[in-house]
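One structure is given below, encoded as structure tokens.
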Amino acid sequence: MANQDAGSGEMGKTIVYFLVFMVVATGYYYFLDWVMMGPMQNLPFPYK
Amino acid sequence: MNKVKATKGTILKVAMWYILILSVFAGIANWLPQIRGDAPEAAVAVDLSSITPEKLAAMGKMIVFGTENPSFGGGGVPIGKGQCPLCHMFFQEQKADRCPVLIGEEGRSNNRFKEERYKAFASRLANGEPNSGVKPHAAAGGQYLIESEYCPNCYVVEGFGIKGTNDQESPMPIINKPPILLTDTEIVAVVSFLQTKDDGDFTKWTARDSWEKYWGKPLKADAAPKEGEAKAVAAGPPIALDTDTPEQIVQKMTCFACHKIPGISIAKTGMIGPLLIEKTNAPNRIKSPEYQKAVKEGKAHASTPREYVIESIMHPDAFIVPGFADDMIKDFSHKFTVAGLDKLVDHLLQQDAAAAVKEGLDRLPNEKEGPLKKADLSSPEGKPVKNAATPKTDEKQASISGQGVGGKF
Amino acid sequence: MRSFNDPRKAKIGAVVLLGVIGLLLLLPFIPLQAGAEEAKQEAAPAEKKVEKAKDVFYKGPGEFGIVSGPPAPKLKYPDDYGTYGNFQSRSLLWVANQQHLYFGSFVLAVPMFVFVMELVGMLQKDKGMARKYDDMAHEMMKISLTAYSITAILGGILIFTFLALYPGFFGYLSRIFKPIMHVYALLFVLESGTLYIYYYGWDYMNDGGFLKWIHLSISFLLNTIGIVLMFFANSWIGFMMSPAGVDEQGRFLGDIWKSVHTALWHPLNVHRILGNAAFGGGVVAAYASYRFLAAKTPEEKAHYDWMSYVAMFMGILALIPLPFAGYWLMREVYGYRQQMGITLMGGLLAWVFIMQAMMIAILFVSVNYYLWQAMGRMPGAERYYPLFKYMLLILIVATISWLTPHTLVMTPAELKAMGGAQHPIVGNYGVMSAKNTAINIMITTTVFCFCIYQRCNKVPTVKWAALGNAALGALFTGAAINIVFLGIYGYFIPANVRIGLSVPQVCSTLTCLFIGVTLNTMMLKGARQLGEVRWGQMSPRGSYALFCLAVSFTWTMAVMGYLRSSVRLHWHVNEILRDNSPWAFTNPVGYAGNMNSMNVLLFWTMLLFVFWLGALSAKKAHVTEDEAVGAGKATLPAGSH
Amino acid sequence: MKSVRKGGTYFMLKQRSTSLALQVLFVLLALPMLAWASGGGAGWIDAGKFALIVEMGLGLGITLLAWILKDKLRIPIPKLVQAPLIWITAYIAFRVILQPPIPFSLLAIYMAIVTISCFLYVTISQPSWEEFTQPIAFMLQENTGKAKMSRYVTFAAVPLLLAYGTYSKMLPKFDEPVELRTVHPAPPASVNVHDKILNLQTAENPYRVDDSGKYLKVGLESVYHGKNPWAQDAPKFLQNVRDGGVVFFGTAGCFFCHGDNLDGKGPFAFAFNPIPANFADPGTISQLQETFVFWRVSKGGPGLSREGFPWASAMPPWEKHLTTNEIWQVILFEYWHTGFFPRTWD
């Protein structure tokens, strides 16, 4: 989703922001995994 | 604005597109493996007087797999009316792990009801299991198997309960209720199959007996099939029928060729097998060290005279009376009907030393016990064993079990 | 009247009105409950005479009812079954049922669609836009009117088919549901009345004020009646699958509420409402696409292009929560009878789920393809064209993984060449980890595609545009990484832990859907437009993609309906009333596929007739309308819905 | 539209040099990776997974190359050529590069998907569609010599293709029948090894123990992965692993067939059909219970159940050569070495 309309300075800023947000997003998804993995061990659905 | 092109034939194009998509979908559906699920046959009335244990077990196999020769190629499993193979594993070739494996189940069943865990279930459900109303009270392997079908919650194998119930509730449906809805006889047939499928050894077959003991009533033939429900399957032509007299059975089975049997007019000359006075013999034989050795080796299983006699007919090499060779014909399991066998066993269990003496029959020289005339007829061994010989009536349940008999000695 | 034109007051009035109507709708239930109470009270003094029996489903200690019906009949063939020549009775009934269901769903779904469109139209500030929505709703309603009469005809045919071919079974069912069936018929009359008032009052009540709100409320009433009708119909199939309110012999126990409120009733209701909404969207989209292709003027083309887009959007919106409703239904099925669940998922009917998997893949690819084509009408979308092929690549890789079978069919030579039954590389794609990853990636890609669609003719002007872009990019990249990571991680942990991985995967996808689309919409507030949307300039291939989508919806409905129905196996009413006809067996998936394709084709052929009827009278009206409003100018800001 | 063209020649040049650098990087990376792949992987990753990664990298590389050629260098490849090119590339990838070869049924599924996706690709946007159809329209409609010639060629080619199709269909084939051989047949409920009956559902590996000698739950042994079993103070678990390794490489010599890396590529391996099991593959021991492996090791090929028809296994019944303890130890070693966990049902 690169913003192709932006100038090159804008682009550099976007890249820096992207990296920062990547860290945030990774943290968020990691948290999601961590929270979900535990309780979901006992899914009430007998898949077997 | 663009020019709008001529739009003739749009409907045709769209229709073609639809037909193309739909044929692709139908084509893929036809390309997948095709399995047709046939409706199970409605309950078949089984006449116990015209079916052999072997046939009963084969019927059980039919109920389980829906075919007499189940093949498991490619991971497919044939599923019969009982739907058991959906969860249970019956043979090594079949894959199923949802419920306990039933290979060698007969052997395990003999220990289950002795477990502490079973007792815990029994005491917990002393007022009856809520869904089936059954109170767990199995006292033998066969009874445990019967109980498991009528009341799956009465004992749940560890690790196979419904998740979260701490193995206190079984995912198995109650078999005599919908959706599976097997009749009593069909359940007996399935248990017969379970008890004999591993090695074809019919000495271990107690299904019918266990049923009657467990429920304390005789197993009645199912009601005739309701009209329009299903066709009755004609049982094969067994040889020893319920309607035969013991004399006829002995004649058909040619027992007289080897054995002398009191009360049977034609069986007076056999010189190959032991004299069949089982009211006297059977209790002694069971107690004999040779027999106990066979029990330890896992060859023989009888604990009551009745079981002993049945075992001797159905599985002659389980125990060879000392002094004799293993010569007896071994295909009686498909020559007797269940009721015919009962009749002969009843007769044999009524014969004691006194009856033999009366008819002038004596033991063969190679019988360890020695000639009858010298035997002390008043010794405990010679005493008539009351229970073993009781005629077959509705009240004789305890006798068939042989538990009472054991207490006498 | 003037004071009512105050929008705030009108809104309050409408809310109150809707509340009242909602309460009124509970009326049909009151006699039911009261009847049951009465029956109990009547029975109380005569305790000795009545026989009590245990409910087959409600197994609590006090759940004994008074036997008030004969036991389920033991059906006999051919006495209790009818035949027409050499046809399979069941297949005839199948066709009758499926057609009625399709048209029933259609006339239920279209008012739902129309309700939302009318509401959206009323909330539009732009007058031209409001008019556009309103016209579309009106036009759909007209089509629904024809379809409504066809539904009634098909319903009659269905009942006659039942009576002719399955009299024994139908007799039993109608004896139990006697009161419900009457209420059902009454509601049907009510629905017809409401429908006619709603449709014919459209122009009269279109005053843009109070009367319009009343009109909308009638639409709400119409929908509610429709949904209650469907609930009743669902109670019959729910009863057939998981009977309650009867004892083991099938004797009715006096409480009709229990027979209605079976284990699977509510899951089925929710599942079907969502399914119907998705189906309605698909059908309307297909209708609009057809009119788009057949359009003779640019104005007409623009109108139907826009309409197909809105309808497709509605359909997809209903599709997204559908898997969760499906999960709930399956859970209840497992809860009701585990064996039934196993028959569905791992036993006899497991192959049908393979078909469903394929339909899902087709659905997502068609949606994406449609969006790509639709971007052809957006000025400025050229910027994103190069991205499409990478999205396609991702979708195709996911599809390949999604459709790789676990058990391969091969010759011994191939087996030898492979060195084992499992391929060392491709075998990795045959397991659950890969499948979950694939489907989540497909959904995330679709969400991403939609975000691009939203912004493709705009440039965000908000101050935090760079920040937002970065956040959006990180959100999607992070989700993709997380989904793939969890998928790969699944190979390294024991099977029992692996099951738990699917939930965070789905959560990642949903995060993208909700946060991503919200963020994107916020960024586009007041954005600089690169040009108006050129409605009517989508390539015809987009329409064909929509047809594919609509057919897939219809086919999926048929195949899942087949699944639901055949899981009863050889029972008419599960475990109560046995099917003793020669057609009690369960058909293989191929036969079901052929029947479904035929049914879908029949349905669409009939629908085409309905559309053609609609087009006959619409031709004139449209030209005048468009002249009046000028559809070329009135455009929908993409992303505002 | 303006913004796209804003770059001008300067940016064009910059892009070209970037793309050239990328190409060089790709070749530099891809070649050693290919060489490595043919060598059979490295220590930290098994050959199957390595091949997977290499092939995914190859796919990415091809995409990257296409991107460089098309979008960056602007080398025009007509869409009409691109589509068959993609199709052929995919065919080569699935038929030749993907090793070992996949069965025909799977190839058919894959190529069907690829065919559809090729069509979707060329029709993905209006310019792309026009580019794709333009030469076709030219061929069908124009009246120039070129177009005429191509029409004649097509006219001749269609019946020839049909004839070839009919010929190859009529040609008698000698294919083996399709067979579904079960590699991991269902095990028996119990096995009798050295006069001891072992219940395969419940039995546990007696050597799977922690330092205090208690049974170690499956999954917890990961702490021992990658540790040195020959260390002086090696914990009990690792000592058992070490003993298992001695069995694998010494006493029993499993490595002759199953390979030094447990990847089924030992010196004797290719004399057998099918080749010995590849433990490093996630489809073998990691899908099985330890007791299943115990059954297969102790009973070998002759002990296969009926489902295992045609019993194609050269595995000897090791119960005749190893003690029960040695069998359990070697199983422990196999799991430790591959880093997999045995399957459990709880």
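Other residues whose C-beta falls under 11 angstrom from the C-beta of B:Phe256 contribute a net charge of +2, scoring Lys and Arg +1 and Asp and Glu -1. The B and C chains share an interface that buries close to 4400 Å² of accessible area, total over both sides, probe 1.4 Å. Between C:Ile153 and D:Arg74, what FRET efficiency comes out of the Förster formula 1/(1 + (r/R0)^6) with R0 = 60 Å and r the beta carbon distance, rounded to 0.05? Approximately 0.45, to the nearest 0.05.
With N the number of residues in region C:70-114, Rg(Cα) / (2.2 N^0.38 Å) evaluates to 1.76. For region B:169-176, putting each phi into the Karplus relation 6.51 cos²θ - 1.76 cosθ + 1.60 with θ = phi - 60° gives couplings of 10, 9, x, 6, x, 6, 6, 8 Hz, in residue order, rounded to whole numbers and with x for Gly and Pro. Per the accessible-area calculation with a 1.4 Å probe, the total area buried between chain C and chain D rounds to 4300 Å². C:Leu319 contributes an accessible area of around 30 Å² to the protein surface, as traced by a 1.4 Å probe with all chains present. Buried surface for the A/C pair, taken as the accessible area of each chain alone minus that of the pair with a 1.4 Å probe, is close to 3000 Å² in total. Put simply, the amide H of C:Thr586, placed in the peptide plane, has neighbours under 5 Å in B:Gly37, B:Asp38, B:Ala39, leaving out anything fewer than 5 places away on its chain. 3J(HN,Hα) along region C:99-110, derived from phi through the Karplus expression 6.51 cos²θ - 1.76 cosθ + 1.60 where θ = phi - 60°, amounts to 5, 4, 5, 4, 5, x, 4, 5, 6, 7, 6, 4 Hz, with x in place of Gly and Pro. Of the trypsin sites (Lys or Arg not before Pro) found in region C:449-494, those that fall in a DSSP loop while having at most 14 other beta-carbon atoms within 10 Å are C:Lys463. When the Cα gyration tensor is reduced to axis lengths a ≥ b ≥ c, the ratio a/c is 1.5 or higher for region C:148-234, and with a/b above b/c it is classed as prolate. Amide H to amide H, with H built 1.01 Å from N, C:Leu577 comes under 5 Å of C:His572, counting only residues 5 or more places away or on other chains. The mean sequence separation of alpha-carbon pairs under 8 Å and at least six residues apart, normalised by the residue count of region C:439-559, gives a relative contact order of 46 percent. Ranking C:Tyr204, C:Ala164, C:Val120 by how far each Cα lies toward the positive end of the dipole of region C:112-207 (charges on Cβ) leaves C:Ala164 at the top.
Quick check: the distance between the Cα centres of region C:174-253 and region B:112-173, to the nearest angstrom? Between the Cα centre of region C:174-253 and that of region B:112-173, the gap is 47 Å. Hull volume per residue, based on the alpha-carbon atoms of region D:63-177 and their convex hull, is 139 Å³.
Peptide C:364-372 shows a mean partner chain C-beta count of 2 within 10 Å per residue C-beta. Distant-in-sequence amide contacts of D:Val209, defined by a placed amide H-H separation under 5 Å and a gap of 5 or more residues or a different chain, comprise D:Leu216.
Taking all Cα pairs closer than 8 Å and separated by 6 or more residues, the relative contact order of region D:190-338 comes to 26 percent.
Evaluate peptide D:119-130: per residue, the Cβ atoms of other protein chains within 10 Å of its Cβ; return the mean as an integer. Each step should come with its number before you reach the end.
Values: counts 1, 12, 5, 0, 8, 11, 13, 13, 3, 4, 4, 1.
Average per residue, whole number: 6.
Solvent-accessible surface of region D:190-338, averaged per residue with a 1.4 angstrom probe and all protein chains in place: 48 square angstrom. Whole-Hz Karplus values for region B:356-363 come out as 5, 4, 4, 8, x, 9, 9, 5 Hz, taken residue by residue from phi with 6.51 cos²θ - 1.76 cosθ + 1.60 and θ = phi - 60°; glycine and proline positions read x.
Given a 1.4 Å probe and every protein chain left where it sits, what share in percent of the accessible area of region D:72-140 is carbon and sulfur?
Details: 2760 of 3500 Å².
Exposed carbon and sulfur together represent 79 percent of the surface.
The modelled label-to-label distance for the pair C:Ala417/B:Arg117, using points 7 Å beyond Cα in the direction of Cβ, is 5.0 nm.
The values are calculated or read from the model by the stated rules, or taken from the named source; none is laboratory data. Predicted model, so just to flag it, every value in this text is computed and none were measured. For neighbour counting, all protein chains shown are included, and Cβ atoms are generated from backbone atoms with ideal geometry for every residue, glycine included. Remember, those area values only see protein heavy atoms, side chains included, never the ligands or the DNA or RNA. Shrake-Rupley method; radii C 1.70, N 1.55, O 1.52, S 1.80 Å.
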